[in-house]
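Down below is the structure, laid out as structure tokens.
Read-outs throughout are calculated quantities, based only on the coordinates presented, and are distinct from any laboratory measurement. Note that the coordinates shown come from a computational prediction; the quantities given were computed from them, not determined experimentally. Don't worry about glycine lacking a Cβ; one is built from the backbone with ideal geometry, like all the others, and counts go over all protein chains shown.
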Amino acid sequence: MGYPKVLGEKLSQHYNNKNIKVYNCAIGGGRTYTGRLWMKRDITGIEADIVTIMFGHNQKAYKVSEAEDTIGFVADHVNYLEEAAGLMKKAPAVIIVTTNPSALENLWDSMDSYAQGLRDFTAKNKNIMLVDFMKYFKAMDRNDYKQKFLEDTTHPSTNGNNEMAELILKAIIEKEKK
């Protein structure tokens, strides 16, 4: 069960509203270009109040500089969110979510530039929320993180998905207070 399903349950419980629906258009092994190819099929006819976007490990390009790769990664997110919002009658609130880190030692820091690029982008675009899984999970010991929150070295376990959903819920509640 991925974090979107858990988030839907948490939102329904928090708002005491069983009519809250969550659609998970996740693409296993996907990249933003795959998501954009399948977007019309996956979300046409869905009128969302909130859209979360998270791409990560599969997006990594190794044949360009880290700076170029990060610029492309952020631009892909911008294109994706604009296209998704454009398919809806009313633009949804957008939450960009940084990917969770890989627990592999050689990949632990590999997504840092992506996370920083998204932090910089959302800092300049206050209408777009950021939930920083990377920052949250990297504050932990790498082995503790792996044991408590991962199914393997990258994919969240049940506990990991629950924690991720909780972080998004807290961000939504905090945003409402402002």
| query | Which pairs break 31 Å Cα to Cα here: Lys89/Lys138; Lys21/Lys177; Lys18/Lys138; Lys124/Lys148; Lys89/Lys170? | reply | Lys89/Lys138; Lys18/Lys138; Lys124/Lys148
| message | Of the candidates Val94, Val78, Val131, which one comes out as most mobile in a Gaussian network treatment of the chain with C-alpha springs shorter than 10 Å? | response | Val78
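Taking only DSSP H segments of four or more residues, each worth -39500 (n - 2.57), what value at 222 nm results for the chain once the sum is divided by all its residues, to the nearest 500 deg cm²/dmol? Please report the intermediate quantities before stating the final value.
Numbers: 7 runs with 92 residues, N = 178.
The helix contribution divided over the chain gives -16500 deg cm²/dmol.
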| How large is the dipole of the chain about the Cα centre if only Lys and Arg carry +1 and Asp and Glu carry -1, each at its Cβ, rounded to the nearest 20 debye? | 620
| Between Glu176 and Asn106, what is the label-to-label distance in nm when each label sits 7 Å out along the Cα-to-Cβ direction? | 4.6
| Overall form of the range 3-177 per C-alpha gyration tensor (a/c, 1.5; a/b vs b/c) | oblate
| query | Modelled label-to-label distance, Lys148 and Thr34, 7 Å Cα→beta-carbon offset: nm? | reply | 3.0
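Which of the three applies to the range 91-178, rounded, prolate or oblate, going by the alpha-carbon gyration tensor with a ≥ b ≥ c and a/c under 1.5 meaning rounded?
On the way: a/c = 2.58, a/b = 1.53, b/c = 1.69.
Oblate shape, in that a/c is at least 1.5 and b/c is the bigger or equal ratio.
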